[in-house]
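Peer 1: Sending over a structure as C-alpha cells; questions will come in a sec.
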Amino acid sequence: MSNTSLEDAKKVIHWIQTNQGFWNSDLLEIKESKLGGIGVFAKKDIEPTLKPELLLRLPKDSIFSAKKSSIANLLYEENLDGALALIIAFIYENHFGENSPWFEYLKTIIYKDQDNELILPPSLWTKSQKSLLKGSELEILGSLDDEENKSAYETACTFALNQNEISSSIPIPWEFDIQDKEDQEIFEKYKNFIAISHAIASRDFEIDSFHQVAMVPGADLFNHTNKPHVRFESVFDVCEMCGSAGPCDCIESEGEEDDEDMDDEEMSEEDDNEEGEDEEDNDNEEEGEGNIQEQDPEELSEHSDHEHSDHDHDDEESDSEPEDSDVEENRPIDEQMISKIEAALELEKQEELKQKKEQEHDSENKEMIMENDAGGKIFPDECCDIVLMKKVSKGEEIFNTYGDFNNSILLSKYGFVIPDNSDESINLGLECLKLKKTNKKLYSKQFEWWESKGYELMREFFNLKKNNCCDDEDCDDDHGNDDHKDDGCKDACCGGEGELPEGVEEIPNWTLEVNIDSTGEPNQLTYALCKLLSLNKLELNKFLKNQEKGLQVLTTNNSKAFKILKELLTWRLNQYDSEIKYEKLLKSKNYREKLIAQLIIHEQNIIKKSLQNISKKV
Amino acid sequence: MTTSPVIYCAAPDCGKETTSSLKCPVCLKQGLTSVFCDQSCFKRNWALHKSIHNKPGVERYDPFPEFNYTGKVRAQYPLTPKRIVPDHIAKPDYSANGQPISEHVSDRSGKIPINSEDEIKQIKKAATLAREVLDIAAASIKPGITTDELDEIVHNATIERDSYPSPLNYYNFSKSVCTSVNEVICHGIPDKRPLEDGDIVNLDISLYHNGYHADMNETYYVGEKLSKQAINVVETARECLDLAIKHCKPGVTFRSVGDIIEKHAKQNNCSVVRTYVGHGIGKLFHCAPQVAHYARNKSPGIMKPGMVFTIEPMINAGSYKDISWPDDWTAVTADGSLSAQFEHELLITETGVEVLSARNEKSAGGAVKRI
C-alpha cells in the first residue's frame, strides 16, 4: 500500500518525465484507493492484446540504487551491498536535500504517519500489542524478533563512524550519530532507522546483478494483490562490474567458470603485452591463438558475438572469403585484393546504413526508445518496465503483486494484511517438534529417518511429480509474476534468492515446510510426515526396507494419519491466547490492533476449517 | 653475424613481432614499409591503415567527401605513419593492440581508487612532465602549423622525457596527442590541416611515465584575429574549470561538479557537452570516478583524500549536442558552433584539492579579457 500522497505522486510522475522515463498518462491516473492511500487506475478500458502494454519505463540509470548513490564508493570500500546498502545510501542521500537528483522522489518516501509518528514494523510495536500477536505466524516465524535489525543498525553506525574518521568532511547522518548519546536518544535514532528500512523494504525492487535492489520511482505506486494486472520487468543478468545488459569489455580479474574460453584468451592477450615477458610464454600464446583461428572457427565466431568491442579478430567473420591455408594467408597483397577489401567495406557500410534505417523504423513503430542525458539511445534492455498483462476496465484500480505472501509477511514487510488472504499458510513445525519430544519412544525411528533423509527424498519425490515446477517459466506462472522483484519467488521450489549456483537448490529446514494452506489442506509433505508417524512397528520396518520404491505409501489416505494431523492442529490452535477477544478488536480504533485481529482471526479460521475437514476423514 | 631489426605488425590491433614479409604495396610505392603478419591483419585494418596513403596528384585531401560536416573544419589526410616509441620506454598494455586490458579487468562496480603517498609521488612526476610537454607544444602554436606538426612536437617532447604518449594506439587512436580545432569538441586527430589565424585549438596531452598516466589540456587562440564569440567560449570554459576546482574537497559529491560548471556556462550563454566526462587517472589512463560536467547528472561517488581525477568541461557556444566524424574519434558540435575545453588533473587532499597540472609563469597561452 503506497503511503504517498496524491500531490506527491504527481511530483513523482513529473520526476519520471524529466529523468528520461515514460509514464503512460494516456492510460493511467492516480487516485485514492479503496485500500487506503493512493493507487493507480485505468483511464480507459485497456486490453493488452498482442503484447503487454507498457505503463512505465525508467532507464536503470535513473533508478536510485546504492551503486548510483553519492556514497557508492564508500559502500564499496566497506563491502556493503544489498538491502542494507540501499538503506544507508538513502539516508545519506536525504542529507544532500535538494542537491540530490532524486530529491523530488526521495522526499515522497515517508516513514511517519499524519500524526508525525514513525511507521514501524511489528517488531517495534508496544509490548501489549506484541502480546496480542501471540501464537500468530508472525510471532512463530520470528518477525517480532529484533536481532537482525539491531545488527544491521550497528553495521550502519560503524560505517558512518568509520567514514567520518577517515574524512571529517563526510558527516555522520543524524540517524547514525550515536557516539556519547543517552540510551533513550539512541533508541529514538534506531527507531527512525527501522522506520526508514521498513519504508524502503516495502518499496524496493530487485533490479539486476549489478544494482541489486533499488528504488524505482513510479513502480512503487501500484498496490498489491495476489491476482495482479501488471508485471515488473528488468533484465537481471547483466555485467556485475558495469551493469551493462549487452556486450561490454569488462573482464573478471579472477577467472570464473563462465565463458572460460573468452576470459582465457583475453587474459592471454594481456600476458602478451606485458613487458619483460618470458619469451617462451609469448610463443605459446601466439601459437594458441593461431590454432583457434585456423581450427576452430566456431569458437571464434562465438567470441566476436560476445565481445563486441575490438577484439583482435573481430571482423574476421564479416570477411566473406575463406582463407584457410597458410599459403593463402601469406600470398602477397596486390591491387586486386585491395579493391576487393574496398568493395567489402562499401557493402558493409551500406548494410549498416540499411540496418540503422530499419532500426529507426522499428523503434518508431514498436519499441519505445528512451534518450539519455547526452541525447544517446537507451534501449529497453537498459530499463525497468511496468507492463500490463491483463485486461482492466475504465476506472478499475491496476494492481501489481509484491509476491505470494501470507499476512504475517505482508504485515511485517508492508504494513497491511488481506482479510481473506488466499496465500495464507499455517506452519506446524513447532507442533511436530513437540510431538517428537513428547513421544520419544513411539516416534524416534520415524523422525530419525525423516530428518536424515526422508524429508529430502519426499521433497524430491513431490517435486518430480510436479514436473519440476520451477523450470523458470513455470515458476513464473505459478507466482503470477515474472519479475525479479524482491522475494518474487520465495517458494522453496525456486531456491530463493538465486545466489546459489544454477541447479543447486537450497533446501529449507523441514519444519518450515510443514504447512496447511488457506483452504485448510495440509501440503503433501505435511501429510507424508503424518502418514509416516502413523505407521506401526511392522509397517515402518517394511517401509524402511523398501523405501526407495515405497515412498508412494506416504501419500495414501489413512485415518490414523489424519488423527495425528488433528493433534498437531489442536496444539497449533492452543498457541493463541484464548483470553483475547479478537472479534472485538476488529472494531478497535487503534490501527495496529485492528490489523492484528484481522490477521489472527483469519489464521484461526483456517485452522478451524482444517479441523472440520479432518473430522470428516477420521 | 648480423641481427636484423625486430619487425612489428603494422596492424594497430595486433602490433605483434613478426617475421612475415607481407607488405602493403601502396606504402611501398610511397617509400614506406608496412609489414603485416598475414592477410587477415591487413584486411582487418585496411580502413584504418589507408589513412597514411597519399592520393595521387594532391598534397592533401578530405577522406570523407560525402560526410555532412557540421562546421568548416575538414579532415585533411594523409595522416603521417605511426610514430616510433623507443624500446626502452615503458609502455602501457594497449600500446601493441589497442586494448587497455588492465582497464577492463579493473573493478568498475563502485570502487574509486585511493592512491598511496608513493603512488601520488609518481603521479605528480608524470603530471609535471605532461605540463612541460603541453607548454612546449603550446609555444609552437601559430597560423600555418599543421596539427600533425604539433603531434610531432608532442611526441618527441614526450619520449625525450622517457614517457609514452598515452593516446598513441589507445583503442587504436593513431596519434600522440588530441588536437581539437574550432567546432571540434575533443579527440581530434592531428592531420595536415594548417591552423588559421582566428582558430581556437585544444591540445590534450597525456603521457605514461614509470607506470603512471598524466592527463591535461588547454585551449589556445591562434594568431591575432580573436572573435568575440571565440573569446567568450574559451574564457567561459577556463572559468568553468577554475570554479569547479575551487569546489572540490573531501566530502563533495562528484555529480555536484556539473552543477557548478553548467551554472557558469549558462550565465555566459554557453552549453555543456554531456557525452564526455572527467575520469580517474593513475595506473590506468581512465578509471573511476566519472565526472559528468552537466547539471543534475547522476555520477556516483564522493571525494576523499588520495583520489586523483580530471575535470575537463567541454563548453559549446551553441547547442550541447555532439556528433562524431566517420573516423569514429573526432567529436564535433552538432550545430557547428565553437567548442572549448580545459582539463586539469586533481588530487584531493585532507583539506581540499591540489592541481597537479597547474600552469607556471612560463606556460604559453592563458586568459584574455573579454571584449
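Bear in mind these aren't lab numbers, they're just calculated from the coordinates by the rules spelled out. Computed from a predicted model, the values in this text were never measured in an experiment. Ideal geometry is used to build each Cβ from the backbone, glycine not excepted, and the neighbour counts take in all protein chains shown.
Peer 1: Tell me, what are the semi-axes, in whole angstrom and largest first, of the equivalent ellipsoid of segment B:85-239 as set by the roots of 5 times the Cα gyration tensor eigenvalues?
Peer 2: In descending order, the three semi-axes are 29, 18, 15 Å.
Peer 1: Moving on. Among A:556-565, B:322-331, how do they line up by average Cβ neighbours within 10 Å per residue, starting with the highest?
Peer 2: Listed from highest to lowest mean packing, they are B:322-331, A:556-565.
Peer 1: Can you tell me the dipole magnitude for segment B:1-53 around its Cα centre, using point charges on the Cβ only (Lys, Arg +1; Asp, Glu -1), in Debye to the nearest 20?
Peer 2: Dipole about the Cα centre, nearest 20: 200 debye.
Peer 1: Next question, about the same structure. Distance cut-off 27 Å, Cα to Cα: go down the list B:Lys175/B:Lys304; A:Lys107/A:Lys127; A:Lys11/A:Lys377 and report the pairs above it.
Peer 2: Beyond 27 Å: B:Lys175/B:Lys304; A:Lys107/A:Lys127.
Peer 1: Please get the size of the charge dipole for segment B:101-355, origin at its Cα centre, with Cβ charges of +1 on Lys and Arg and -1 on Asp and Glu, quoted in debye to the nearest 20.
Peer 2: With Lys and Arg at +1 and Asp and Glu at -1, about 960 debye.
Peer 1: Hey, another quick one. Under a 5 Å amide H to amide H cut-off, with H placed in plane at 1.01 Å, what residues pair with A:Val417 once short-range neighbours are removed?
Peer 2: The answer is none.
Peer 1: Continuing with this model, one more query. Taking the radius of gyration and the Kirkwood hydrodynamic radius from Cα positions alone, what is the Rg/Rh ratio for segment A:1-40, to two decimal places?
Peer 2: With Rh from the inverse mean 1/r over Cα pairs, Rg/Rh is 0.99.
Peer 1: On the Cα set of segment B:1-98, report Rg and Dmax in Å, please.
Peer 2: According to the Cα coordinates of segment B:1-98, Rg and Dmax are 15.8, 58 Å.
Peer 1: Rounded to whole Å and sorted largest first, what semi-axes of the equivalent ellipsoid does the C-alpha gyration tensor of segment B:217-371 yield via the square root of 5 times each eigenvalue?
Peer 2: Ellipsoid semi-axes (Å, largest first): 25, 18, 15.
Peer 1: A further question on this structure: If you project the alpha carbons of the protein assembly as shown onto the principal axes, what extent comes out on each, in Å, largest first?
Peer 2: 105, 67, 58
Peer 1: First select every other residue whose beta carbon is under 12 angstrom from the beta carbon of A:Lys10; then total the charges, Lys and Arg +1, Asp and Glu -1.
Peer 2: -2
Peer 1: Given charges of +1 on the Cβ of Lys and Arg and -1 on the Cβ of Asp and Glu, with all other atoms neutral, how large is the dipole of the protein assembly as shown about its Cα centre, in debye to the nearest 20?
Peer 2: Value, rounded to 20: 6660 debye.
Peer 1: Which loop GluC sites (Glu not before Pro) in segment A:535-578, with loop taken from DSSP, have no more than 15 other Cβ atoms within 10 angstrom of their Cβ?
Peer 2: Filter output for segment A:535-578: empty list.
Peer 1: Provide the convex hull volume over Cα atoms per residue for segment B:45-163, in Å³.
Peer 2: 198 Å³
Peer 1: I would also like to ask the following. Obtain the radius of gyration and the Kirkwood radius of chain B from its C-alpha atoms and give Rg over Rh.
Peer 2: My calculation puts Rg/Rh at 0.97.
Peer 1: Averaged across B:251-261, how many Cβ atoms of other chains sit within 10 Å of each residue's Cβ atom?
Peer 2: Taking all residues of B:251-261 together, the mean is 3.
Peer 1: Take every Cα-Cα pair in segment A:57-204 and report what % of them are more than 27 Å apart.
Peer 2: 26 percent
Peer 1: Within a 10 angstrom radius of each residue's Cβ in B:158-169, how many Cβ atoms of other chains show up on average? Whole number is fine.
Peer 2: Across B:158-169, the average partner-chain Cβ count within 10 Å equals 0.
Peer 1: Which of the lysines could a cross-linker bridge to B:Lys263, judged by Cα under 18 Å and excluding same-chain residues fewer than eight apart?
Peer 2: Result set, ordered by chain and number: B:Lys246, B:Lys298, B:Lys321.
Peer 1: Say the dipole of the protein assembly as shown comes from +1 at the beta carbon of Lys and Arg and -1 at that of Asp and Glu; which of A:Trp15, B:Met307, A:Ala72 then lies farthest toward its positive end?
Peer 2: A:Trp15
Peer 1: Report, in listed order, any pair from A:Lys465/A:Lys608; A:Lys563/A:Lys616; A:Lys43/A:Lys391; A:Lys130/A:Lys413 with a Cα-Cα distance greater than 19 Å.
Peer 2: Flagged as over cut-off: A:Lys465/A:Lys608.
Peer 1: Going through segment A:88-162, which GluC sites (Glu not before Pro) have at most 15 other Cβ atoms within 10 Å and a DSSP loop state?
Peer 2: For GluC sites (Glu not before Pro) across segment A:88-162 that sit outside H, G, I, E and B with at most 15 neighbouring Cβ atoms in 10 Å, the list reads A:Glu117.
Peer 1: Sticking with this one: Please list, in order along segment A:567-579, the HN-Hα scalar couplings obtained from phi with the Karplus expression 6.51 cos²θ - 1.76 cosθ + 1.60 (θ = phi - 60°), rounded to whole Hz, x for Gly and Pro.
Peer 2: 4, 4, 5, 5, 4, 4, 5, 6, 5, 6, 7, 6, 6
Peer 1: I need two numbers for segment A:85-151: Rg to one decimal and Dmax as a whole number, Cα atoms only, in Å.
Peer 2: According to the Cα coordinates of segment A:85-151, Rg and Dmax are 16.0, 48 Å.
Peer 1: Related question: Explain nothing, just compute: Karplus ³J(HN,Hα) = 6.51 cos²θ - 1.76 cosθ + 1.60, θ = phi - 60°, for every residue of segment A:24-34 in order, whole Hz, x for Gly and Pro.
Peer 2: 6, 6, 5, 9, 10, 9, 10, 9, 5, 9, 4
Peer 1: Right, here's the next one. Given the convex hull over the Cα atoms of segment B:85-144, what projected area results after averaging over all orientations, in nm²?
Peer 2: 7.1 nm²
Peer 1: Sticking with this structure for a sec: Mind checking which of B:Ala47, B:Ser21, B:Pro5 is farthest towards the positive end of segment B:1-53's charge dipole, using Cβ charges of +1 (Lys, Arg) and -1 (Asp, Glu) about the Cα centre?
Peer 2: With unit charges placed on the Cβ atoms, the residue in question is B:Ala47.
Peer 1: On the first, second and third principal axes, largest extent first, how far apart are the outermost C-alpha atoms of segment B:1-53 in Å?
Peer 2: 39, 23, 14
Peer 1: Could you work out [θ]222 nm for the protein assembly as shown from helices alone, using -39500 (n - 2.57) per DSSP H run of at least four and dividing by all its residues? Round to the nearest 500 deg cm²/dmol.
Peer 2: After summing the helix terms and dividing by the residues of the protein assembly as shown, the value is -11500 deg cm²/dmol.
Peer 1: log₁₀ I(q)/I(0) of segment A:545-618 at q = 0.16, 0.19, 0.27 Å⁻¹, via Debye over equal Cα point scatterers, no solvent, to two decimals?
Peer 2: So the normalised log intensities work out to -0.70, -0.83, -1.15.
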